[in-house]
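I have placed the structure first, in the form of structure tokens, so that the comments after it can refer back to it.
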Amino acid sequence: MKAAVMVRVKPEVLDPQGDAVRRALEKLGFEGVRGVRVGKLIEIEIEGDADPTLKARLEKMADAMLANPVIEDFEVKLGA
Amino acid sequence: MPSSRATVVIFPGLNAETEMLRTLSLAGFETTTAWHTDTELPARTDLVAVPGGFSYGDYLRCGAIAKVSPIVGAIRAHAERGGFVLGVCNGFQILTECGLIPGALTQNAHMRFECKDVFVRVHAEGPFTPKLDTVWRMPIAHAEGRYQATPETLARLEGEGRIALVYCDASGAVTDAANPNGSLRSIAGVYGGASKNVLGLMPHPERMSEPALGGTDGARLFEAAFAHLGKRAA
Amino acid sequence: MSAPPAPFPGDRPISPELLREHKVSDEEHARIVAALGRPPSYTELGVFSVMWSEHCSYKSSRLHLRRLPTKGPKVIQGPGENAGVVDIGDGFAAVFKMESHNHPSFIEPYQGAAPGVGGILRDVFTMGARPIAGLNSLRFGRPDHPRTPELVRGVVAGIGGYGNCIGVPTVGGEVQFDAAYDTNILVNAFTCGVARTDRIFYGRAAGLGNPILYMGAKTGRDGIHGATMASDEFGGEDAKSELATAQSIKKGERSTMQVGDPFMGKLLLEACMELFGADVLEGIQDMGAAGLTSSSVEMAGRAGSGVEIDLDLVPRRAKHMLPYEILLSESQERMLLVAKKGKEKDVIAICKKWDLDCAVIGRVTDTGRWVVKATPGYDPLAHAPAPREAVVVCDLPVGALTDDAPVYDRPRAPVTLRSGAPRPEDSPVSSDPQKDLLELVGSPNLGSRQWIFRQYDHIVRGGTIVKPGSDAAVVRVPCERDGKTLWKHLAFAVDCNGRYVELAPEEGAKMAVAEVCRNLVCSGAEPIGITDCLNFANPERPDVMDQLARAIDGLAAACNALAVPIVSGNVSLYNETTDAGGRRPILPTPTVAAVGQVHEPEHVVTQWFKGDGDVVFLLGEIAPERGLGGSELWVRRRGAVGGPPPTIDLDAEVKLQKLVLSLAQARLLASAHDLAEGGLLVALAECTCTSSDARDDRGARVELSLPADPVLRTTALFGEAPSRVLVSARASDADAVAGRAREMGVSCTRLGVVGGARLAVEIAGGASIDVSAAELRDARARCLDFVS
């Protein structure tokens, strides 16, 4: 099955990339953009069923390698 | 006869304007600069040079934020009039993002920033590359220089003689080992514009343009453009 | 005595636990109470804890640092400012400093190293100098330690990530791997800039009533207590995991990791350059360690003034920040400015052009007090911010935070060597020099650094005349004034071998200074100034304190002998870990970086052989008695740092350096290379194959007559005794070189002739070596394969 891991810089950690994009959107005339965070989407094809065990395995992958828990958060979605 | 005039365009985050200005003036150009918020180029601009660096920190994609700057309209109009445009490194990335040169530059195959001298061979003649098969030594300094385009685009570029420069070894042989970033067909530089008046390249000819810097091969490219402009004016 | 500040919502009561968390001892607390005539508030305690931290106050080292020579005829500014300043003539000055970012880099190598580069760049450009070159000095654990490859990749990428983006060439550096750094890596970064002598800016809050402005990135909760964290040993009570600190950041127990933004750094740099030219500033300082607190306190301290700051006006990106957090945040890419009265509008306009936040947040007073105000519950990011009614949250005498910070004369006890006393029979012997040579040139400590340097843009700005890989890098700097451009040529090198310092702290520190200056003269440059970064373990241990004090004596002795002042520096202590394996201190590592001036571009010399038929000489002793102590060969054969403690004769060193510089300036040298790690054979090998273009590689035919004793013979081939330089000269200049050496009293041995594609060494009465330059180049190139 397919799973997706979204990795983003933690809300409290500075995201220079997101800030630069927000300022550029503002300059282009797009109003009302209050914040931009840039992250990574990692798609994974994995064996197993959409159950908590699989989710836990994916979370372990994210914690061990896909994300850097010192500065990043992640979110696992099954069946993406 | 008035000298040819080169305008170096500065986007926030570009950092290689010093050597670009110096090399242009060593090649004979009268030089000036334009700021990213300008909507027009300085009068009598013959050549627009977009130097290397990290415009907007290379955030999102290299050149992605720069392409929405006010000055880009003026650069595009200049190119459409047949004016010369040169983009080096980040400048090349910006020109591809603007659509002035086909294709895209993506992360190096080995995924690292790499700064070293390489060799390039003239693969198609044009205003900046006067003689086919000339081999030049010049440095690269980039993390995203892997040239990519669709097979159709590549075939068209080849057919129209727009692949200006390819990576090669010291003897001029195009080999995988001599390709520093995994570019398709070892492409190092590409011509755009109706009359090949736009050139983008990843290597830095402006950093190999004086004996003190280790060589003068890079100066040849600027001298060629200068001579071409002189002939055109005459 | 001042009125106590109003209690602020969120304040924690002062308790023994709170003092411990802040690393404020009971004695220091008593001292604070005595200075204030009352107990400090929670916020004030936080301020004292950072200002009195080792990082800001140098409390363990200050007493000893006073012994360093910091003056000289060309010194414009010595230690105590953001960076040191040395005159380079014609109205221009070199501005430089080195700093450590050790602890954060071990926790998160990329985001630890990158802000280290950003911080030192800002220290330099805050003084009015455009940065023109960077160096770094790195120490990692043994190559086969499981974390080493990841740390090397991360640190190198982080340094490149910042330096490449901001556009300052990283032109050199050094790396050493040793088990002593397994759990405490070192990341020391150096920057040099060039300024006009009439436009040097200082971190001084001068001029009563002048506005204080905040410029740059918004403040978040990043790196709060970074300055006190620099005094943490890793491990401690939670000794099971060497990653305890990283784990606690992950769990949110510690403050947020600071993230560098080189793009913002570039905007700050360009905006500052414009501000300097516009003559609107009275003083300026980077908000580095301990952020807004240390920058405002130090600026007031240097000017003998006072300041008043309103935290409500500080641009921020995190919600509900307490005064404590705003004051101690180490968010990157921020500067504190003192503008000339009435010029604040001009400052703000320039910041706007560069897309930077800028706000007036206070003013200069003459009270000698550091007064901070804030409105309880006020948050500019709230939907409907409460009305502002600021109350005083800190009211402290500036002197108590700076000059009156504690100075400790910590107990010292002579070092017991980890290796024990050396025994002659322990000395390794080389029975197959060719095999040993190939092993050494391909070893992680001695091989090529190209894998690293290629990840740094070392040529941006088009001024790099000698690229990384030679003894020193040389950069050509355009110095512009009144529409005219003058060219100045500066050379840079950085050095230290902690193994020598471990065996003999004073001698090892002398050797670091001697080598870094030798690297400069070998490149044709006259050394003009030094900056140091003293990396040591826990100074509360008498043996470590003794190492530190003796190393400082060694630095002082060598700087005095070579007449080179130390104009700036940094001290990083507590580089040790206690874990299940026991206490692991780093090797004492007093890193020194030196700046040299090349007076004519034609004086530049590089290390590799140039022309067939050139004559190769060794300047200095060929077979000094004691040379294997602390050598790479010893460590590789015996598994640990050891051997007879190294020594250096400073008089001989001075003579040698004068000779080499005079030969370079007389244009008599085709190449020059200092003998360092790996000794004579490794240096010879390097001369054959270190040009950036393999087509330049050239072999040599060399004959050595050496003592018969196998230990002495091995020492001559691979020993690392100092004060030796390998030079080559055109055959027509050979007599002149030998003659000048004789005149100046330096031993000069003709070793052989450059030519061919192989290095051939005949050792009289012993083995011979015959290996191609290509093979040597290849072996050197593979030395870091374990990382990539």
Looking at the range C:60-116 only, could you name the residues that are surrounded by fewer than 24 Cβ atoms within 10 Å (Cβ to Cβ), touching an Asp or Glu at 6+ places or on another chain (Cβ under 6 Å) and not in a helix (DSSP H, G or I)? C:74, C:76
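Would you be able to say whether some residue in the range A:68-76 is modelled with pLDDT under 90, within 14 Å of another protein chain (Cβ to nearest Cβ), closer than 26 Å to residue C:259 by Cα and touching a Pro at 6+ places or on another chain (Cβ under 8 Å)?
Restricting attention to the range A:68-76, the residues satisfying the condition of being modelled with pLDDT under 90 are A:68-72.
Now restrict to residues that are within 14 Å of another protein chain (Cβ to nearest Cβ): A:68-72.
With closer than 26 Å to residue C:259 by Cα added as a condition, the list becomes A:68-72.
Now narrow it down to the ones that are touching a Pro at 6+ places or on another chain (Cβ under 8 Å): none.
So far as the range A:68-76 goes, no, none of its residues is modelled with pLDDT under 90, within 14 Å of another protein chain (Cβ to nearest Cβ), closer than 26 Å to residue C:259 by Cα and touching a Pro at 6+ places or on another chain (Cβ under 8 Å).
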The conditions are (1) in contact with an Asp or Glu (Cβ under 9 Å, 6 or more places away or on another chain); (2) more than 13 Å from every other protein chain (Cβ to nearest Cβ), and residue C:163 fails exactly one of them. Which is it? (2)
Which residue pairs have Cβ atoms closer than 7 Å, lie 6 or more positions apart in sequence or on different chains, and pair a first residue in the range B:13-34 that is at the interface with another protein chain (Cβ under 8 Å from one of its Cβ atoms) with a second residue that is basic (Lys, Arg)? B:13/C:266; B:15/C:266; B:18/C:461; B:19/B:207; B:19/C:461
Of (1) charged (D, E, K, R); (2) under 29 Å from residue A:72 (Cβ atoms); (3) at pLDDT below 95, residue C:122 fails just (3)
When the residues of the range C:168-227 are filtered to those that are under 30 Å from residue C:478 (Cβ atoms), of a type in the set (Ser, Thr, Tyr) and surrounded by 24 or more Cβ atoms within 10 Å (Cβ to Cβ), which remaining residue is farthest from the other protein chains (Cβ to nearest Cβ)? C:191
So residue B:47, is it over 30 Å from residue B:177 (Cα atoms), hydrophobic (A, V, I, L, M, F, W, C) and buried (at least 23 other Cβ atoms within 10 Å of the Cβ): yes
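Select from the range A:12-22 the residues that are out of contact with any Phe, Trp or Tyr (no Cβ under 9 Å at 6 or more places or on another chain) and either of a type in the set (Ser, Thr, Tyr) or free of Cβ contacts under 8 Å to residues at least 12 places away in the same chain (or both) and write down the one among them that is surrounded by the fewest Cβ atoms within 10 Å (Cβ to Cβ). Please lay out each step first, then the result.
Residues of the range A:12-22 out of contact with any Phe, Trp or Tyr (no Cβ under 9 Å at 6 or more places or on another chain): A:12-15, A:22.
Checking the rest, the ones that are also either of a type in the set (Ser, Thr, Tyr) or free of Cβ contacts under 8 Å to residues at least 12 places away in the same chain (or both) come to A:12, A:14.
On the way: A:12: 17, A:14: 27.
Within the range A:12-22, the match that is surrounded by the fewest Cβ atoms within 10 Å (Cβ to Cβ) is A:12.
Inspect the range C:730-742 for any residue being among the basic types (Lys, Arg), at pLDDT 95 or above, assigned to a strand (DSSP E or B) and surrounded by fewer than 19 Cβ atoms within 10 Å (Cβ to Cβ) and give the result as yes or no.
Among the residues of the range C:730-742, not one is among the basic types (Lys, Arg), at pLDDT 95 or above, assigned to a strand (DSSP E or B) and surrounded by fewer than 19 Cβ atoms within 10 Å (Cβ to Cβ), which makes the answer no.
Going through the range A:58-67 one residue at a time, which ones are in contact (Cβ under 8 Å) with a residue 40 or more places away in the chain and either surrounded by fewer than 20 Cβ atoms within 10 Å (Cβ to Cβ) or away from chain C (no Cβ under 11 Å) (or both)?
Matches in the range A:58-67: A:58, A:61, A:62, A:66.
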Contacts under 7 angstrom Cβ, first residue in the range C:514-539 being aromatic (Phe, Trp, Tyr), partner crowded, with 24+ Cβ neighbours inside 10 Å, 6 or more apart: C:536/C:544; C:536/C:547; C:536/C:548; C:536/C:573; C:536/C:575; C:536/C:588
Any residue that is surrounded by 24 or more Cβ atoms within 10 Å (Cβ to Cβ), under 24 Å from residue C:303 (Cα atoms) and of a type in the set (A, V, I, L, M, F, W, C) - is there at least one of those in the range C:138-152? no
So for the range C:137-155 (the condition being touching a strand residue (DSSP E or B) at 6+ places or on another chain (Cβ under 9 Å), modelled with pLDDT of 95 or more, within 14 Å of chain B (Cβ to nearest Cβ) and within 21 Å of residue B:53 (Cβ to Cβ)), does at least one residue qualify? no
All but one of (1) in a helix (DSSP H, G or I); (2) over 24 Å from residue C:272 (Cα atoms) hold for residue C:139, so report the exception by its number. (1)
Sort out which residues of the range B:157-187 are within 13 Å of residue B:138 (Cα to Cα), of a type outside the set (Ser, Thr, Tyr) and more than 14 Å from chain C (Cβ to nearest Cβ), and write them in order of number. B:165, B:166, B:168
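Would you please name the residue that is nearest to residue B:63 (Cα to Cα), looking only at residues in the range B:191-220 that are away from every other protein chain (no Cβ under 14 Å) and among the basic types (Lys, Arg)? Before the answer, list the steps.
So in the range B:191-220, the residues away from every other protein chain (no Cβ under 14 Å) come out as B:191-201, B:220.
If we keep only those that are among the basic types (Lys, Arg) as well, we get B:196, B:220.
Numbers: B:196: 21, B:220: 27 Å.
If we take residues in the range B:191-220 being away from every other protein chain (no Cβ under 14 Å) and among the basic types (Lys, Arg), then B:196 is nearest to residue B:63 (Cα to Cα).
Can you tell me which of C:3, C:30 is out of contact with any helix residue (DSSP H, G or I) (no Cβ under 6 Å at 6 or more places or on another chain), within 24 Å of residue C:393 (Cβ to Cβ) and in contact (Cβ under 8 Å) with a residue 24 or more places away in the chain? Steps first, answer last, please.
Values: C:30 fails: in contact (Cβ under 8 Å) with a residue 24 or more places away in the chain.
Sole residue among the options that is out of contact with any helix residue (DSSP H, G or I) (no Cβ under 6 Å at 6 or more places or on another chain), within 24 Å of residue C:393 (Cβ to Cβ) and in contact (Cβ under 8 Å) with a residue 24 or more places away in the chain: C:3.
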Just to be sure before I move on: is residue C:468 away from chain B (no Cβ under 14 Å) and in contact with a strand residue (DSSP E or B) (Cβ under 6 Å, 6 or more places away or on another chain) in the structure I sent? no
Run residue B:174 past the list (1) more than 18 Å from residue B:124 (Cβ to Cβ); (2) surrounded by 16 or more Cβ atoms within 10 Å (Cβ to Cβ); (3) over 17 Å from the mean Cα position of the chain (by Cα) and report the number of the one that doesn't hold. (1)
Within the set of pairs 6+ apart or on separate chains, which have a first residue in the range C:345-358 that is touching a residue at least 60 places away in the same chain (Cβ under 8 Å) and closer than 10 Å to residue C:271 by Cα, a second that is surrounded by fewer than 17 Cβ atoms within 10 Å (Cβ to Cβ) and of a type in the set (A, V, I, L, M, F, W, C), and C-beta atoms under 7 Å apart? C:350/C:278
Matching entry among B:72, B:68 (being of a type in the set (Val, Ile, Thr), closer than 22 Å to residue B:18 by Cα, surrounded by fewer than 24 Cβ atoms within 10 Å (Cβ to Cβ) and more than 12 Å from the chain's Cα centre (by Cα)): B:72
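With respect to residue A:9, is the statement that it is without any contact (Cβ under 8 Å) to a residue 60 or more places away in the chain and within 13 Å of chain C (Cβ to nearest Cβ) true?
On the way: without any contact (Cβ under 8 Å) to a residue 60 or more places away in the chain: no; within 13 Å of chain C (Cβ to nearest Cβ): yes.
When the stated conditions are applied, residue A:9 does not pass them.
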In the range B:38-119, which strands (runs of 3 or more DSSP E) lie fully inside it and hold 1 or more residues that are touching a helix residue (DSSP H, G or I) at 6+ places or on another chain (Cβ under 6 Å) and either within 14 Å of chain C (Cβ to nearest Cβ) or farther than 21 Å from residue B:193 by Cβ (or both)? B:47-50
Among the residues of the range C:439-462, count how many are farther than 16 Å from residue C:689 by Cα, surrounded by 20 or more Cβ atoms within 10 Å (Cβ to Cβ) and away from chain B (no Cβ under 13 Å). 1
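If I ask for residues that are within 14 Å of another protein chain (Cβ to nearest Cβ) and either under 29 Å from residue C:535 (Cβ atoms) or surrounded by fewer than 24 Cβ atoms within 10 Å (Cβ to Cβ) (or both), which ones from the range C:583-603 would you list?
C:600, C:601, C:602, C:603
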Does the range C:490-504 include one or more residues that are surrounded by fewer than 23 Cβ atoms within 10 Å (Cβ to Cβ) and farther than 25 Å from residue C:588 by Cα? no
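The values are calculated or read from the model by the stated rules, or taken from the named source; none is laboratory data. Predicted, not measured: the structure shown is a model, and the values here were computed from it. Every residue, glycine among them, receives a Cβ derived from its backbone with ideal geometry; neighbour counts consider all protein chains shown.
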